[in-house]
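Chemist: After the structure tokens below, expect a handful of questions from me.
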Amino acid sequence: MTLATRMGIVGRHLARSRTHLAFAAVGLVVGSASLVFFLALTGGIRERVLNRLYPVNQVELQREMVRVFGLGLEVPSRLDEAVLSALRGLPGVQGVWPKQKSRFQAILWGGREVFGRDFRVESFFDGIDPVLVRDEIRHAEQEAYGPEVLSGRCETDQDCGLGAACRAGTCGRRTFWDRFRDPGGDLLCRDDGGCPPGEACIDGRCGIPCGDQGCGEGGVCDRGRCRKACGSDEDCLPGETCSSGAGGRACRRLECRLENVQQVFSSDPEVIRGWVVSSNPSAGESPRRCPLGTWCATGSVRSVEGTCEAPIPVILSPSLLEIYNRVVASAMGMQPVSGLEILLGVPFSMVFGESFFIEDAPVDRRVLRRCVVVGFSNKALDFGFTVPLGVVVRANAMMRGREGAAEATSVILETARNEDLAAAVEDAKVLGLVPAPRSEEARKASQVLRILSWVFGLVSGVMLVISSIHITHTFLMLLTERRLEIAVYRAVGARLSDIRAMVFLEAGLLGVFGGGAGTGLAWLLAQGVNRLPGMGGLPGLAGVSRLFDFSPGVLLAGVACAEVFALVGAWLPAARAARMDPAAVLS
Amino acid sequence: MNEVVVQVRGLTRVHPGQGGERPPALQGVDLVIRAGEGVAVVGRSGSGKTTLLNVLGGLDRHWTGEVLVQGRDLGRLGDEGISDLRNRHLGFVFQAFHLLPHMTVRENVLLPSWFGDRSLLRDGPDRAEAALRRVGLWDRAGDLPGRLSAGERQRVAVARALLNRPSLLLCDEPTGNLDPETGLVVLDLLLDLNREGTTLVIATHEDRISRVLGRTVELREGRVVRDVTRDPVGSAGREAP
Ligand SMILES: Nc1ncnc2c1ncn2[C@@H]1O[C@H](COP(=O)(O)OP(=O)(O)OP(=O)(O)O)[C@@H](O)[C@H]1O
Ligand SMILES: [Mg+2]
């Protein structure tokens, strides 16, 4: 018997018994619909909401607070390199990323392009390992600007226009991610105490001193400090140039100066690029400004000497926008902002050492730095902004010395498997570390979510079991109806395996139709829920366009479950059909 | 002598509830049927005729003894072997016709080809036409069985049994549900087939059938009590030992 004839006969059976079978399939449709709906919902919430706050295998730890008479005091343990390496040694831990907050007063101003007039506020920021926000930065940029690669031949960056860079003869956008991953910037110093841990003050600049083995792969030892080896300027960070030195060709930051001190606060993009200080003035080359996309960052607001630097890349928390729109905009008569995207690329300036609340640092210790918004993340500081960790470490070292840069304020711990996280958190308690409030909330929420998905899975499972029983019942009835038919099939040569296969095929088709219809129903339902008024405005859901996650796995699970339960339901009828005695029916 | 189509030795079939008071449906039946023979199996109601046919057709498998059909030992064949034997070599005609009411006449006749191998599937349509022409119902090929008379239905059933060109045609009271005249038409059809070489076994109550077939086997309480073979011309046969 060929599959085609088998299908033909089953098709006739289906057509003839369509009413009974349709009723039998209702359970499958409802069961698989509820399964898919809730899988997609809990999966979507986990993926699109919770995982943005905190991935299920990550937790943010901070030093334990001891409450004394209602005051929170930190337990006097330090979150330094020793504690970090202890955390790295915990079983199951695959990643440990320290975060550090700025430890000095600062103010910022800017935003005229978006808000209609400049903001001027106290500035708080922290630093995060760039890897933790890579996907979010890339995502935001692609949403806003499309694919990363531009076409077009070029020789220099100027040929490619604003925001683009010339790489190996073709224009490519120097992506926001590139900026955030590796912002660069040199730190001026007087002694080692003004440099971050692990760096030394060499020729007035902080840098990694050459070790006994030199500077490792891709590094060049240049007058006692390690630099990145390069072939051309393209291998170097913005504001650096590839030039020959003692150890070979290496990336060196360009020195620059401004014409006068007033220019430190200039808002003219041309003026702030200053003039590059030539390494051998006798060569008589024409004066040039810091490269496009960089500016001349001076050692203090009283100094005209500095280095060419790219603006500090900054990411914002989506909730900051909500606070602005709901509170700030109306109170101060400023324009509300419709979406996060328009903040991308917006520049602003900071002065380290100034404050609205506390005393300013001495004038020659105040430093101006320029920044640019490159992305958004729920991991960013809610009240402030977030920069790459290296930037905060350098800034803390500059303003507070080595001690101020040595200690992390919190640490993000990641385990290879979700199940290991709880144990790792317990182990960390011994080190005086507890989950940060936000992380703790996320953990509780994800636990609730897990329980909910189990409950919904169970409910759907019960529905499917009932539908399976219903299918058994229907098929037994249909087989009684078809007794003669089956007996005649047997008399003209049908094998028992043919009879059984036809029953399973019929149930299998029912399962596919039922599961398919249920999955489709769940999808339609989800579309309806997505359209409900107020869905977009749920707290924490800013930027979440679709709450449901209909991954191929979820769709497949819906159809597969319906299929399995349909086949299980056909088991008994198939056996019964095979056991039927054709002689008794025919004579 | 023609080749042996059916060889039965010591066949006993005990239905549930039989034994003790009630005799088994078949007990110790010996029987040899050769190709081309026309055999009438007669006997009172309950004597075991239907049971014998079901055993020969492999529909009933709960017996003891030895049964060979087309040289194949039914006791040793699995379901697959017996199903294939039915599909390729056997034809059934039942008292109640057993046409499938949802299929057209043509589809009913085609049915065996759906369960056979590819060659039978391929030849099915041609053979179905030939078989329906043979029973004179090709013009009704598109009708549902419900629209045919009883006699026509039984002729369609015969056409279905002919599709695989069976070497053994088993008919259980083929005229039992027909009035005498209509029965005669079906009987003539079966006799023609027998004359053309099809081995024919008919279980029947009717004397007129046993009279026109070449051999009569009489059962009583599950035993063969008479086995008479006549010359084709109709001369008297010999009694069984
Ligand atoms: N499925 C069954 N279960 C129990 N007993 C059965 C079954 N089928 C037949 N019998 C018994 O076996 C015996 C032989 O029955 P069988 O149907 O072979 O007789 P038959 O000669 O065909 O009779 P009829 O002429 O009435 O058709 C009877 O006594 C009958 O009651
Ligand atoms: Mg009978």
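Chemist: Over the whole of B:197-205, what's the average partner chain Cβ count within 10 Å per residue? Rounded to a whole number, please.
Modeler: Neighbouring Cβ atoms belonging to other protein chains average 0 per residue here.
Chemist: I'd like the accessible area for residue B:62, computed on protein heavy atoms only with a 1.4 Å probe and all protein chains in place. Round to 10 Å², please.
Modeler: Probe radius 1.4 Å; accessible area of residue B:62 about 130 Å².
Chemist: Could you give the angle, 0 to 90 degrees to the nearest 10, between helix A:134-145's Cα long axis and the longest principal axis of the Cα atoms of chain A?
Modeler: Once rounded, the angle reads 90 degrees.
Chemist: While we're on this one: For a quick check: with amide H placed at 1.01 Å from N, whose amide H comes under 5 Å from residue B:93's, ignoring anything fewer than 5 positions away on the same chain?
Modeler: B:170, B:171, B:172
Chemist: Placing +1 at every Lys and Arg Cβ and -1 at every Asp and Glu Cβ, with all other atoms neutral, what dipole size does chain A have around its Cα centre, in debye to the nearest 20?
Modeler: 2040 debye
Chemist: Rounded, prolate or oblate: which fits the range A:272-378 when a ≥ b ≥ c are the square roots of the eigenvalues of the alpha-carbon gyration tensor, with rounded for a/c under 1.5 and prolate only if a/b beats b/c?
Modeler: oblate
Chemist: While we're on this one: For the range A:307-463, calculate the relative contact order in percent as a whole number, restricting contacts to Cα pairs under 8 Å that are 6 or more residues apart.
Modeler: Here the relative contact order equals 24 percent.
Chemist: Moving to a separate point now. Between residue A:257 and residue A:120, what is the spin-label point distance in nm, taking each point 7 Å from the Cα along the Cα→C-beta axis?
Modeler: Result for the modelled spin labels: 3.1 nm.
Chemist: With only alpha-carbon pairs counted, each pair once and no self-pairs, how large is the Kirkwood hydrodynamic radius of the protein assembly as shown in angstroms?
Modeler: So the Kirkwood estimate lands at 35.2 Å.
Chemist: How big is the Kirkwood radius of the range B:88-186, worked out from every pair of different alpha carbons and given in Å to one decimal?
Modeler: 13.3 Å
Chemist: Sticking with this structure for a sec: If one takes the accessible area of chain B alone plus chain A alone and subtracts that of the pair, with a 1.4 Å probe, what total in Å², rounded to the nearest 100, results?
Modeler: Buried: approximately 2300 Å² between A and B.
Chemist: On to the next question. Scan around residue B:226 for amide H atoms under 5 Å from its own, H built in the peptide plane at 1.01 Å from N, and keep only partners 5 or more places away or cross-chain.
Modeler: B:218
Chemist: Roughly how tilted is helix B:118-134, in degrees to the nearest 10 and between 0 and 90, from the longest Cα axis of chain B?
Modeler: 90 degrees
Chemist: Divide by every residue of chain B the summed helix terms, -39500 (n - 2.57) for each DSSP H run of at least 4, and state the resulting mean residue ellipticity at 222 nm, rounded to the nearest 500 deg cm²/dmol.
Modeler: It comes out at -10500 deg cm²/dmol, rounded to the nearest 500.
Chemist: Each label point is 7 Å from the Cα along the Cα-to-Cβ direction; what then is the distance between the points at residue A:271 and residue A:2, in nm?
Modeler: In this crude spin-label approximation the distance works out to 8.7 nm.
Chemist: Continuing with this model, one more query. For the range B:145-198 and the range A:322-378, what is the separation of their Cα centres, given in Å?
Modeler: Rounded to whole Å, the Cα centres lie 99 Å apart.
Chemist: Quote the accessible area belonging to residue A:233 in square angstrom, nearest 10, computed with a 1.4 Å probe and with ligands, DNA and RNA left uncounted.
Modeler: 80 Å²
Chemist: From the phi of every residue in the range A:574-587, what ³J(HN,Hα) in whole Hz does the Karplus formula 6.51 cos²θ - 1.76 cosθ + 1.60 yield, where θ is phi - 60° and glycine or proline is x?
Modeler: For the range A:574-587, the Karplus curve yields 5, 5, 4, 4, 6, 7, 4, 8, x, 4, 5, 6, 7, 8 Hz.
Chemist: If r is the Cβ-Cβ distance from residue B:32 to residue B:130 and R0 is 45 Å, what FRET efficiency results, to the nearest 0.05?
Modeler: 0.90
Chemist: Here's another thing I want to ask about it. To the nearest whole number, what is the average tally of beta carbon atoms from other chains within 10 Å of the beta carbons of peptide B:78-87?
Modeler: Per residue, the number of nearby Cβ atoms from other chains is 4 on average.
Chemist: Ranking request for peptides A:353-362, B:182-191: highest mean number of other beta-carbon atoms within 10 Å first, then the rest in descending order.
Modeler: Descending mean neighbour count gives B:182-191, A:353-362.
Chemist: Please state the charge dipole magnitude for the range A:419-460, taken about the Cα centre, from unit charges on C-beta atoms (+1 on K and R, -1 on D and E), reported in debye and rounded to the nearest 20.
Modeler: 180 debye
Chemist: I'd like the Karplus ³J(HN,Hα) series for the range A:238-248: coefficients 6.51, -1.76, 1.60, θ = phi - 60°, whole numbers in Hz, and an x wherever there's a Gly or Pro.
Modeler: Once θ is set to phi - 60°, the couplings for the range A:238-248 become x, x, 10, 9, 8, 9, 7, x, 4, x, x Hz.
Chemist: In peptide B:46-57, what is the residue-averaged number of other protein chain Cβ atoms found within 10 Å of each Cβ?
Modeler: Taking all residues of B:46-57 together, the mean is 2.
Chemist: Still on this structure, I have one more. Measure off, as a whole percent, the carbon and sulfur share of the 1.4 Å-probe accessible area of the range A:303-432, all protein chains present.
Modeler: Ligands and nucleic acids excluded, carbon and sulfur reach 58 percent.
Chemist: Given H placed on each backbone N at 1.01 Å, which residues far from residue B:60 in sequence or on other chains put an amide H within less than 5 Å of it?
Modeler: Result for residue B:60 returns B:55.
Chemist: If DNA, RNA and ligands are ignored and the probe is 1.4 Å, what is the ranking of A:532, A:505, A:87 by accessible area, most exposed first?
Modeler: A:532, A:505, A:87
Chemist: What are the radius of gyration and Dmax of chain B, computed over its Cα atoms and given in Å?
Modeler: Spelled out, the Cα radius of gyration and Dmax of chain B are 17.6, 54 Å.
Chemist: I would also like to ask the following. For residue A:285, tell me the accessible area in Å² from a 1.4 Å probe, rounded to the nearest 10.
Modeler: 110 Å²
Chemist: Let me spell out the model: positive unit charges on the Cβ of Lys and Arg, negative unit charges on the Cβ of Asp and Glu, origin at the Cα centre of chain B. What dipole size does that give, in debye rounded to 20?
Modeler: Roughly 140 debye, rounded to the nearest 20.
Chemist: Continuing with the same structure: When the helices in chain A are scored as -39500 (n - 2.57) per DSSP H run of 4 or longer and the sum is shared across all residues, what 222 nm value do you end up with, to the nearest 500 deg cm²/dmol?
Modeler: My calculation for chain A gives -13000 deg cm²/dmol from helical runs alone.
Chemist: Per residue, how much accessible area does the protein assembly as shown show when a 1.4 Å probe rolls over the protein heavy atoms, in square angstrom?
Modeler: On a per-residue basis, 47 Å².
Chemist: Efficiency by 1/(1 + (r/R0)^6): what FRET value for residue A:450 and residue A:18, r their Cβ-Cβ distance, R0 = 41 Å, to the nearest 0.05?
Modeler: E between residue A:450 and residue A:18, to the nearest 0.05, is 0.50.
Chemist: Here's another thing I want to ask about it. Just to make sure I understand: if all protein chains stay in place, what is the order of A:571, A:109 by accessible area at 1.4 Å, largest first?
Modeler: The residues order as A:571, A:109, largest area first.
Chemist: Then there is this: Please sort B:8-15, A:462-469, A:393-400 by packing, taking for each peptide the average over its residues of neighbouring beta carbons within 10 angstrom, highest first.
Modeler: Going from most to least packed, we get A:393-400, A:462-469, B:8-15.
Chemist: I want to check the label-to-label distance for residue A:438 and residue A:364. Put each point 7 Å from Cα in the C-beta direction and report it in nm to one decimal.
Modeler: Simple spin-label model gives 3.9 nm for this pair.
Chemist: Between A:409, A:358, A:286, whose Cα lies farthest towards the positive end of the dipole of the range A:263-410 when Lys and Arg beta carbons carry +1 and Asp and Glu beta carbons carry -1, centred on the Cα centre?
Modeler: The residue sitting farthest along the positive end of the dipole is A:286.
Chemist: Compare A:286, A:232 by solvent-accessible area with a 1.4 Å probe and give them largest first, with all protein chains kept in place.
Modeler: Descending accessible area places them as A:286, A:232.
Chemist: What chymotrypsin sites (Phe, Trp or Tyr not before Pro) does the range A:365-419 have in DSSP loop regions with at most 12 other beta carbons within 10 Å?
Modeler: Sites meeting the loop and neighbour criteria: A:383.
Chemist: If you don't mind, another one. Just how many pairs of Lys in chain A have C-alpha atoms closer than 22 Å, counting pairs that are eight or more places apart or on different chains?
Modeler: For chain A, the number of qualifying lysine pairs is 6.
Chemist: Something else: Charges on Cβ only, +1 for Lys and Arg, -1 for Asp and Glu, centred on the Cα centroid of the protein assembly as shown; of A:91, A:514, B:210, which one is farthest towards the dipole's positive end?
Modeler: B:210
Chemist: Let a ≥ b ≥ c be the square roots of the eigenvalues of the Cα gyration tensor of the range B:154-196; is it rounded (a/c under 1.5), or, if not, prolate (a/b larger than b/c) or oblate?
Modeler: Prolate, because a/c is 1.5 or more and a/b exceeds b/c.
The values are calculated or read from the model by the stated rules, or taken from the named source; none is laboratory data. Note that the structure is predicted; figures quoted are calculated from it, not measured. Cβ sites come from the backbone with ideal geometry, for glycine too, and all protein chains shown count toward neighbours. Keep in mind that these areas ignore ligands, DNA and RNA; they rest on the heavy atoms of the full protein, side chains included. Shrake-Rupley method; radii C 1.70, N 1.55, O 1.52, S 1.80 Å.
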